[in-house]
1. How much of the DSSP beta bridge set in the chain is antiparallel, as a percent to the nearest 5?
2. If Lys and Arg each add +1 and Asp and Glu each add -1, what is the summed charge of the other residues whose beta carbon sits under 14 Å from the beta carbon of residue 52?
3. For residue 95 and residue 62, compute 0.36 nm times the residue count separating them, minus their Cα-Cα distance, and round to one decimal in nm.
4. If N is the number of residues in the chain, what value comes out of its Cα radius of gyration divided by 2.2 N^0.38 Å?
5. About the Cα centre, and with charges only on the beta carbon of Lys, Arg (+1) and Asp, Glu (-1), how big is the dipole of the chain? Nearest 20 debye, please.
6. Would you mind checking the tilt of helix 120-133 against the longest principal axis of the Cα atoms of the chain, expressed as 0 to 90 degrees and rounded to 10?
7. Against the longest principal axis of the chain, how steep is helix 176-187, in degrees 0 to 90 to the nearest 10, with axes from Cα atoms?
8. Would you mind getting me the FRET efficiency between residue 69 and residue 41? Use the beta-carbon distance for r and R0 = 41 Å, nearest 0.05.
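What follows draws every value from the coordinates through simple rules; no lab data is involved. This one's a predicted model, so the numbers in the text were calculated from it and none came from an experiment. Here Cβ is always computed from backbone atoms with ideal geometry, including for glycine, and neighbour counts include all displayed protein chains.
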Amino acid sequence: MTKILVTGATGNIGRMTLQHLLKRVPASDLVGMARDPGKAAALAAQGIEIRGGNYLDRDSLLRALAGVEKLMLVSAPAFTDRNTQHQNIIHAARQSGVGHIHYMPVIHERGSAFTLPQVTEEDRFVEDKLQASGLHYTFLGHPPFLESLPFYLGPNALGTGVRAPAGAGKAGFAAQDELAEAHAVVLSQAGHENKSYALYGEPAVSFADIAQILSESSGKPVPFIAASDQDFLDHLMTSGLPEPAARFALGWVQGVNAGEWGGQTGDLERFLGRKPTSAAEFLRANFRAFKG
Ligand SMILES: NC(=O)c1ccc[n+]([C@@H]2O[C@H](COP(=O)([O-])OP(=O)(O)OC[C@H]3O[C@@H](n4cnc5c(N)ncnc54)[C@H](OP(=O)(O)O)[C@@H]3O)[C@@H](O)[C@H]2O)c1
């Protein structure tokens, strides 16, 4: 019996990973970690043990990780002290005898000139720590989430158009639930020790492609409007986003335009055993999220 603990059990990726694991391994092998276990009551009701744990409280992490063999570390949110939190849980995992840590960095090719503040350096920190730790590791690289598109485009893209800095880059956005399903596949299998995967969705799309798809989905013209960086920031801030969050969105959009997530590995399709949901399928089902 291998105990698998997934952190972030109250969040999207952690909860979805546990839901997909439930289809593959007995509930008695699964543990979810939550700052407030009460918020994970639905998972507990499905037989998953929920343990309290906070990345900023090392004693709580030692308690949470007791007897755990595999850890799925859901990355700490941006705009928090991610390095301290990730370092705390890696230390606690080593002390607790965890054998294998799975981490979900945002895909960032070695040698890429692109950096995303709050994300790429902090993910590299975890990768370096894990590679030096002597523990088994698996990196499940994430592209930008399809669910993040309303954050990049503002709450009313159907009305305002898709306003983004000009650029021909394309990204293989992926749906959170399918990334989580891929996590569950890898966590429930042997043979992924010290491997790195890049879970690109397919096909990659540009912001001009997204405008085209939103036009077709909604039945009304949604133009792509090439904006300056400042226009992009002003557009998001006018819709109520604080400046640091708007700048964060700009960073992601610049990464898409730079082609940072335009690669193709087939890893996501291979783990799912089917084609991942395309951006067009996702947007056809969810275009109303862009109405505001
Ligand atoms: N690839 C992308 O496009 C993209 C986009 C956005 C985010 N991300 C990254 O992906 C991660 C997961 O995404 P998500 O949608 O699942 O986020 P989410 O729904 O906000 O979930 C984040 C989880 O982390 C937990 N958490 C936060 N601070 C913690 C701490 N100090 N100790 C222990 N747990 C803590 C939260 O617990 P509470 O419920 O207690 O707050 C929650 O369960 C994010 O944290 C971020 O690093 C990636």
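1. Once the DSSP bridges in the chain are tallied, antiparallel ones form about 5 percent.
2. In short, +1.
3. 11.1 nm
4. Values: Rg = 19.3 Å, N = 292, 2.2 N^0.38 = 19.0 Å.
Against the empirical 2.2 N^0.38 Å value, I get 1.02 for the chain.
5. So the magnitude is around 600 debye.
6. So the inclination is approximately 20 degrees.
7. It is inclined by approximately 30 degrees.
8. Numbers: r = 25 Å, r/R0 = 0.62.
With a Förster radius of 41 Å, E is 0.95.
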